[in-house]
Amino acid sequence: MTEEKLDKYAKQIEEALEEAEGIIKKEGFTDQSPVYNLRAKLYELALEMSPNARQDDIDTMRELIKPKIGEVSIDVSAGTGFLTKHLVEWTKNTVYAVDPSECQLAILKKNVLSKY
């Protein structure tokens, strides 16, 4: 990666961290949407910096988990279903997705259940 690209990313990361600091310092903070929006921005930036990271993660998880057809799985901290959808494909069986965020589970349902 060139120094110019690193400078661009460093600036974007600093801006996001400043935004996070502002969200954290906000008195009486109850709305989670700014946190999720910021998280999404940072995630997009990470994928831009390392476009193969997601596939590398999936390949590594498959090696570690060694899923077998017919197994029932539980995806704890499932988020938006990044791993869940692969577990369904690999096992061809039920996958229970658990996450404390209703917002993320709604996205998971849309992304994963709509395909099956």
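The values are calculated or read from the model by the stated rules, or taken from the named source; none is laboratory data. Because the structure is predicted, anything quoted here is derived from the model rather than measured. Surface areas here come from the heavy atoms of the whole protein model, side chains and all, with no ligands, DNA or RNA. Shrake-Rupley method; radii C 1.70, N 1.55, O 1.52, S 1.80 Å.
Which sequence of Val76, Val98 reflects their accessible areas, 1.4 Å probe, from the largest down?
Sorted descending by solvent-accessible area, the residues read Val76, Val98.
So what is the relative contact order for region 25-113, in percent, with contacts set as C-alpha pairs under 8 Å and at least six apart?
Reported as a whole number, the value is 23 percent.
So if I average 1/r over every pair of distinct C-alpha atoms in region 1-103 and take the inverse, what Kirkwood radius in Å does that give?
Result for region 1-103, one decimal place: 16.3 Å.
With a 1.4 Å probe and all protein chains left in place, how much of the accessible area of the chain comes from carbon and sulfur atoms, in whole percent?
The computed percentage sits at 55.
Keeping every protein chain present and rolling a 1.4 Å probe, give me the accessible area per residue for the chain in Å².
74 Å²
Lysine pairs in the chain with alpha-carbon atoms under 19 Å apart, 8 or more places apart or on different chains: how many are there?
Number of lysine pairs found: 13.
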